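Undergrad: Sharing a structure with you now.
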Amino acid sequence: MTPDLPSPGFPIARPRRLRYNPLVRGLVRETELSAGDLILPLFVRPGRGVRQEIGSMPGNFQLSPDTLVDEVGAAKDLGVRSFILFGIPPDKDATGSSALRDDGIVQQALRAVRSAFGAGVLLMTDECFCEYTDHGHCGILHKRGDSLDVDNDATLTILAEQCVSHAKAGADVIAPSGMMDGMVGAIRRGLDAAGFPHIPILSYAAKYASGFYGPFRDAAESPPQFGDRNTYQMDPANGDEALKEVALDLAEGADMVMVKPALSYLDIIRRVKDRFRVPVAAYNVSGEFAMVKAAAAKGCIDERRVTLEILTSIRRAGADMILTYHARDAARWLR
Ligand code: PBG
């Protein structure tokens, strides 16, 4: 019965009838959450034996390729099968050239994890330049009037190269996050020309200029050195514009689309799902994670209960999959 159908009304209608027995509650539960829906973000940097905890993100580490393999193995044992990799390169320059090298940090990480686990894990790669540029912006800069800004079309060229390099190193899914116009089309053409027409693109289609990325920028050592990301990431006040971004990305060949962050944008997740009926991912970002951890550490909330409630709410809003730093804990609790 949906609310818009005629109801007999009280006392014939008693919604509580379906809440007394936990097994009945289970039968009528509308939203399922399982470890298979979760994607764990991981940060990789050069070296051996590195396992450096990220201060604002308890339980998350900067890892070297060898310890990354251990981390993936441990998460896999808990039931997490999908991962998204972020690289912290040894050197940065104006164009982020270390992102394109065959022996770049993400490329090394892909090979190491693949040789350890084969097809038993799904490896996604975040495609952006903010971790690789010395200025911390998500592409190549040029002058626009009196200020420096990201050169959209010049960035598309290197973005496609980065994606092809990651596909060659074994990425299963390519996830561009830079919010450049035309990025999905450029990447699709690049992948197809390089012999990767079967590799799907998960576009960060509706990515907002958000304060909730704070802890990530420490983790990935990628804060912008001047200015902000407001000329490429979306204004948090806009909803219709997210639908336009998604429509454009789908027209360019995106196979899946993402809304990011998740919690302040549950309405956007729902609108995208209702309008397009395509696979939707939501990124439960670093600041959202850090707030839960901080409140739990203070004893203000029950971490397990709140985490599962948050992840369920993102699924209920319409997300098919969730990128989340809670993936390991949630998988353990859902066993
Ligand atoms: C860009 C990127 C960012 C995040 C994922 N990809 C940061 C940004 O746009 O500044 C944020 C993820 C998080 O906060 O957890 N490469």
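Undergrad: Among the residues of segment 69-88, is any buried (at least 18 other Cβ atoms within 10 Å of the Cβ), more than 30 Å from residue 332 (Cα to Cα) and within 13 Å of the ligand (Cβ to nearest atom)?
TA: no
Undergrad: On to the next question. Counting only residues that are touching a Lys or Arg at 6+ places or on another chain (Cβ under 9 Å) and open to solvent by 10 Å² or more (accessible area, probe 1.4 Å), how many does segment 90-104 have?
TA: So the answer is 2.
Undergrad: Report, ordered by the first and then the second residue, all pairs with beta carbons closer than 7 Å, sequence separation of six or more or different chains, a first member in segment 161-189 that is on the phi < 0 side of the Ramachandran plot, and a second member that is polar (S, T, N, Q) and open to solvent by 10 Å² or more (accessible area, probe 1.4 Å).
TA: Going by the 7 Å Cβ cut-off, the qualifying pairs are 180/152; 181/152.
Undergrad: Does segment 85-106 contain any residue that is basic (Lys, Arg) and under 21 Å from residue 321 (Cβ atoms)?
TA: No - not one qualifying residue is present in segment 85-106.
Undergrad: Would you check if there is a residue in segment 184-203 being modelled with pLDDT of 95 or more, of a type in the set (Lys, Arg) and within 13 Å of the ligand (Cβ to nearest atom)?
TA: Scanning segment 184-203, I find no residue that is modelled with pLDDT of 95 or more, of a type in the set (Lys, Arg) and within 13 Å of the ligand (Cβ to nearest atom), so the answer is no.
Undergrad: Does residue 309 satisfy being open to solvent by 30 Å² or more (accessible area, probe 1.4 Å) and more than 22 Å from residue 139 (Cα to Cα)?
TA: Taking the combined requirement at face value, the residue satisfies it.
Undergrad: Could you list, in sequence order, the residues of segment 217-243 that are buried (at least 18 other Cβ atoms within 10 Å of the Cβ) and either aromatic (Phe, Trp, Tyr) or at positive phi (or both)?
TA: 232
Undergrad: On to the next question. Just a yes or no: is a residue in segment 204-219 among the polar types (S, T, N, Q), closer than 28 Å to residue 111 by Cβ and either touching a helix residue (DSSP H, G or I) at 6+ places or on another chain (Cβ under 9 Å) or within 16 Å of the ligand (Cβ to nearest atom) (or both)?
TA: There is no residue in segment 204-219 that is among the polar types (S, T, N, Q), closer than 28 Å to residue 111 by Cβ and either touching a helix residue (DSSP H, G or I) at 6+ places or on another chain (Cβ under 9 Å) or within 16 Å of the ligand (Cβ to nearest atom) (or both).
Undergrad: Just a yes or no: is a residue in segment 38-54 out of contact with any Phe, Trp or Tyr (no Cβ under 7 Å at 6 or more places or on another chain), open to solvent by 30 Å² or more (accessible area, probe 1.4 Å) and either of a type in the set (Phe, Trp, Tyr) or free of Cβ contacts under 8 Å to residues at least 12 places away in the same chain (or both)?
TA: Taking every residue of segment 38-54 in turn, none turns out to be out of contact with any Phe, Trp or Tyr (no Cβ under 7 Å at 6 or more places or on another chain), open to solvent by 30 Å² or more (accessible area, probe 1.4 Å) and either of a type in the set (Phe, Trp, Tyr) or free of Cβ contacts under 8 Å to residues at least 12 places away in the same chain (or both).
The values are calculated or read from the model by the stated rules, or taken from the named source; none is laboratory data. Because the structure is predicted, anything quoted here is derived from the model rather than measured. Cβ sites come from the backbone with ideal geometry, for glycine too, and all protein chains shown count toward neighbours. Please note that ligands, DNA and RNA were not included when accessible areas were found on the heavy atoms of the full protein model with its side chains. Shrake-Rupley method; radii C 1.70, N 1.55, O 1.52, S 1.80 Å.
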